[in-house]
1. Rounded to the nearest 5, what % of the DSSP beta bridges within the chain are antiparallel ones?
2. Restricting attention to the alpha-carbon atoms of the range 99-140, what are Rg (one decimal) and Dmax (integer), both in Å?
3. Please determine, in degrees from 0 to 90 and to the nearest 10, the orientation of helix 119-140 with respect to the longest principal axis defined by the Cα atoms of the chain, where the helix direction is its Cα long axis.
4. Summing -39500 (n - 2.57) over the DSSP H runs of n ≥ 4 in the chain and dividing by its residue number, what mean residue ellipticity at 222 nm do you reach, to the nearest 500 deg cm²/dmol?
5. Under a Cβ-only charge scheme (Lys and Arg +1, Asp and Glu -1), can you give me the dipole magnitude of the range 18-144 about the Cα centre, in debye to the nearest 20?
6. Filter the GluC sites (Glu not before Pro) in the range 42-123 down to the DSSP loop ones having no more than 12 other Cβ atoms within 10 Å, then list what survives.
7. How big is the chain along each principal axis, measuring the range of its Cα positions in Å and listing the largest first?
8. For Cα pairs less than 8 Å apart in space and 6+ apart in sequence, what is the mean separation divided by the residue count of the chain, i.e. the relative contact order in percent?
Amino acid sequence: MADHTGAADTEALHVELVAADRTVWSGDAAMVIARTTEGDIGVLRDHAPALSLLAEAVVEIQVEGTDDVVVAAVDGGFLSVANNRVSILSEHIELGEDIHVDKAKAELEEARGLIGANNEAERRVRRAEARLRAAEKVSSGPGH
């Protein structure tokens with residue numbers, strides 16, 4: 001049965017980006033946008049519980065009470081939503097601000113050159129594309 005006490009009305013949406021070896025980012029958010037294997041998902045406070053497989057793509061987190069947006073490249077993984085908590089779990093997560101655009105472009109071109117060699121090459125391309133999009137979003141955002 002749903003809780004109608006109003007307690008959830010003041011609870012912030014807490015988000016954690018967790019890679020295999022560390023917590024990459026943790027904080028309160030107004031909104032999270034992620035790409036799942038089924039398509040894009042937007043998560044706001046009081047979102048219904050969900051568990052989704054993530055695609056190799058960009059995750060955007062609108063930080064609560066600011067104009068700041070955290071942009072990260074994820075290497076697939078899982079998105080879990082429950083009780084105003086969002087957990088994004090992936091073997092590799094890189095914040096867009098930590099990715100050098102020119103290096104990401106070079107890695108993408110190298111990965112594209114390997115397509116057809118094996119399935120891992122296609123996965124490398126998707127990962128490189130996600131890294132480049134994350135880096136470009138950060139470098140083209142406000143104040144950059």
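1. Values: 36 of 41 bridges.
Of those bridges, close to 90 percent are antiparallel.
2. 10.4, 34
3. 70
4. Details: 2 runs with 35 residues, N = 144.
Using -39500 (n - 2.57) per qualifying helix, the result is -8000 deg cm²/dmol.
5. Here the size comes out at about 200 debye.
6. Passing both the DSSP loop test and the Cβ count: E91.
7. The principal-axis extents, from largest down, are 57, 35, 26 Å.
8. Value for the chain: 21 percent.
No value in this document is a laboratory result; all are computed from the given coordinates. Bear in mind that the values here come from a model prediction, so they are computed numbers and not experimental data. Glycine gets a Cβ as well: all are built from the backbone with ideal geometry, and neighbour counts include every protein chain shown.
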